[in-house]
């Protein structure tokens with residue numbers, strides 16, 4: 001049940017800061033197809049606590065993903081997307097359980113350190129050659145679901161998985177958009193069933209959604225005017241920056 005006085009108090013200095021973060025994260029999401037949850041989780045968790053912020057972000061991710069989906073569906077590589085999403089279905093509930101039992105700081109540090117190591121290996125040219133195996137795809141999806149449910153950082157495993165290959169930027173972006181819509185649906189249902197997503201934090205996410213969508217429209221237009229290598233460098237840089245920042249929060 002909504003607490004009307006508490007909702008009115010939501011429109012304060014913290015809300016202005018959250019809206020600004022949402023616009024910036026939306027630009028990133030519209031351009032790369034991912035990254036917004038990674039960018040929003042630390043500042044919104046600091047403003048509202050992780051238990052409130054992560055469900056809010058999930059609602060926002062689902063909303064903006066649906067606006068980007070129509071253009072992404074025809075371009076995405078669906079066999080890979082479906083394997084990743086099916087595995088994430090198993091990982092997200094486990095991550096949600098960890099969210100309420102394990103200190104988020106320690107989990108975030110471990111995940112960030114692993115991400116940085118993976119980025120370094122890719123930069124050195126160490127990675128998979130050719131198409132990934134189904135087993136590797138399922139393992140990546142499960143890991144993404146686990147980290148998404150636990151600390152709202154489900155993007156890095158899947159992004160690194162795609163960047164390790166040679167798929168075109170447009171296909172990577174479209175596949176990521178479709179994947180994250182699927183995981184946002186799974187995550188939203190899981191959080192609702194576990195009592196993590198409530199009417200209160202769900203409405204707060206909806207209130208911030210318009211600023212998020214505005215940013216995503218700008219980002220999508222920037223992508224259409226960008227080059228292949230710009231996208232890959234931006235994606236790799238974004239994952240690295242988020243991982244480093246998460247170590248310091």
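The values are calculated or read from the model by the stated rules, or taken from the named source; none is laboratory data. The model shown is predicted, which means the values in this text are computed figures rather than measured ones. Cβ placement follows ideal geometry from the backbone for every residue including glycine, while neighbour counts extend to all protein chains displayed.
Suppose the filter is closer than 23 Å to residue 247 by Cα, out of contact with any strand residue (DSSP E or B) (no Cβ under 6 Å at 6 or more places or on another chain) and at pLDDT 80 or above; does residue 116 pass it? Considered against the rule, which asks whether it is closer than 23 Å to residue 247 by Cα, out of contact with any strand residue (DSSP E or B) (no Cβ under 6 Å at 6 or more places or on another chain) and at pLDDT 80 or above, residue 116 comes out as yes. Of all residues in the stretch 227-246, those satisfying the criterion of being surrounded by 14 or more Cβ atoms within 10 Å (Cβ to Cβ) and in contact with a helix residue (DSSP H, G or I) (Cβ under 8 Å, 6 or more places away or on another chain) are 231, 232, 234, 235, 236, 238, 239, 240, 242, 243, 245, 246. If I ask for residues that are assigned to a helix (DSSP H, G or I) and in contact (Cβ under 8 Å) with a residue 12 or more places away in the chain, which ones from the stretch 62-75 would you list? Scanning the stretch 62-75 gives 62, 63, 64, 65, 66, 67, 68, 69, 71, 72. Out of 164, 169, 142, one residue alone is closer than 24 Å to residue 230 by Cβ, buried (at least 17 other Cβ atoms within 10 Å of the Cβ), modelled with pLDDT of 90 or more and touching a helix residue (DSSP H, G or I) at 6+ places or on another chain (Cβ under 7 Å). It is 169. Just wondering, is there one or more residues in the stretch 64-85 that are surrounded by 15 or more Cβ atoms within 10 Å (Cβ to Cβ), closer than 22 Å to residue 211 by Cα and under 13 Å from the mean Cα position of the chain (by Cα)? Checked against the condition, which is being surrounded by 15 or more Cβ atoms within 10 Å (Cβ to Cβ), closer than 22 Å to residue 211 by Cα and under 13 Å from the mean Cα position of the chain (by Cα), the stretch 64-85 yields at least one hit. The sole residue among 195, 237, 205, 219 that is under 17 Å from the mean Cα position of the chain (by Cα) and free of Cβ contacts under 8 Å to residues at least 60 places away in the same chain is 237. Looking only at residues in the stretch 28-61 that are more than 14 Å from residue 242 (Cα to Cα) and not in a helix (DSSP H, G or I), the one that is nearest to the chain's Cα centre (by Cα) is 33.
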